[in-house]
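To keep things clear, I will list the structure first and then write my remarks on it.
The values are calculated or read from the model by the stated rules, or taken from the named source; none is laboratory data. These figures come from a predicted structure and were not determined experimentally. Note that each Cβ is placed from the backbone with ideal geometry, even for glycine, and that neighbours are counted across all protein chains shown.
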């Protein structure tokens, strides 16, 4: 297992609330299904308070914005191959609605090789329900997709690139 994968698994362990142990030559973990979020106990709230007021936190990712050589073509690629609706440009249009679920947020070192091309500064990870079906669908469209890898208690992952070479990881949670 490569170091970047270990780093990703550690981040996922925080998202799932489980303690993962990643020794040098073994992959041993103690995981639990993600628990439903509940309001923290009064004592726990005090830990997050500063100056008597509770810290305001973001609720989730509201958008992903990035540069593209052909923005319209790339947006169409994501809609055609991954089913992500384009951001509406007229009144009354609806934006893509994603399902609630775990989201990893992890800055990587500038020198990481995890994204592939060192000129790419971001990678997006999408959750999917059926990784095998998604891989078959993408391959049928002529898109190169790596064979999925499985990680006990975390799920299955695969990698591909969009039409401009940006890295994408697909994740079917365990």
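Restricting to the range 128-153, name every residue that is surrounded by 15 or more Cβ atoms within 10 Å (Cβ to Cβ), at pLDDT 95 or above and in contact with a strand residue (DSSP E or B) (Cβ under 9 Å, 6 or more places away or on another chain). Steps first, answer last, please.
First, the residues of the range 128-153 that are surrounded by 15 or more Cβ atoms within 10 Å (Cβ to Cβ): 128, 131, 134-135, 137-138, 143, 145, 148, 151, 153.
From what's left, at pLDDT 95 or above: 128, 131, 134-135, 137-138, 143, 145, 148.
Those that are surrounded by 15 or more Cβ atoms within 10 Å (Cβ to Cβ), at pLDDT 95 or above and in contact with a strand residue (DSSP E or B) (Cβ under 9 Å, 6 or more places away or on another chain): 128, 131, 134, 135, 138, 143, 145, 148.
Pairs needed: first member in the range 135-154, over 19 Å from residue 174 (Cα atoms); second member anywhere, modelled with pLDDT of 95 or more and not in a strand (DSSP E or B); C-beta distance under 8 Å; at least 6 residues apart or different chains.
Listed pairs, sorted by first residue: 137/81; 138/81; 141/80; 141/81; 143/81; 145/135; 145/138; 145/139.
State which residue is nearest to residue 155 (Cα to Cα) when the search covers only the range 113-129 and only residues that are in a loop (DSSP other than H, G, I, E, B) and in contact with a helix residue (DSSP H, G or I) (Cβ under 8 Å, 6 or more places away or on another chain).
We begin by selecting, within the range 113-129, every residue in a loop (DSSP other than H, G, I, E, B); these are 113-123, 128-129.
Those still in the list that are in contact with a helix residue (DSSP H, G or I) (Cβ under 8 Å, 6 or more places away or on another chain) too: 113-114, 128.
Values: 113: 22, 114: 18, 128: 11 Å.
Across the range 113-129, the extreme among qualifying residues is 128.
Conditions tested, residue by residue: (1) closer than 30 Å to residue 129 by Cβ; (2) at pLDDT below 90; (3) in contact with a helix residue (DSSP H, G or I) (Cβ under 7 Å, 6 or more places away or on another chain).
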| position | (1), (2), (3) |
| --- | --- |
| 47 | no, yes, no |
| 61 | yes, yes, no |
| 65 | yes, yes, no |
| 82 | yes, no, no |
| 87 | yes, yes, no |
| 90 | no, yes, no |
| 94 | yes, yes, no |
| 97 | yes, no, no |
| 100 | yes, no, no |
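Which ones in the range 109-127 are closer than 21 Å to residue 60 by Cβ and surrounded by 11 or more Cβ atoms within 10 Å (Cβ to Cβ)? Please lay out each step first, then the result.
Residues of the range 109-127 that are closer than 21 Å to residue 60 by Cβ, as a first pass: 122-127.
Within the range 109-127, 123, 124, 125, 126, 127 qualify.
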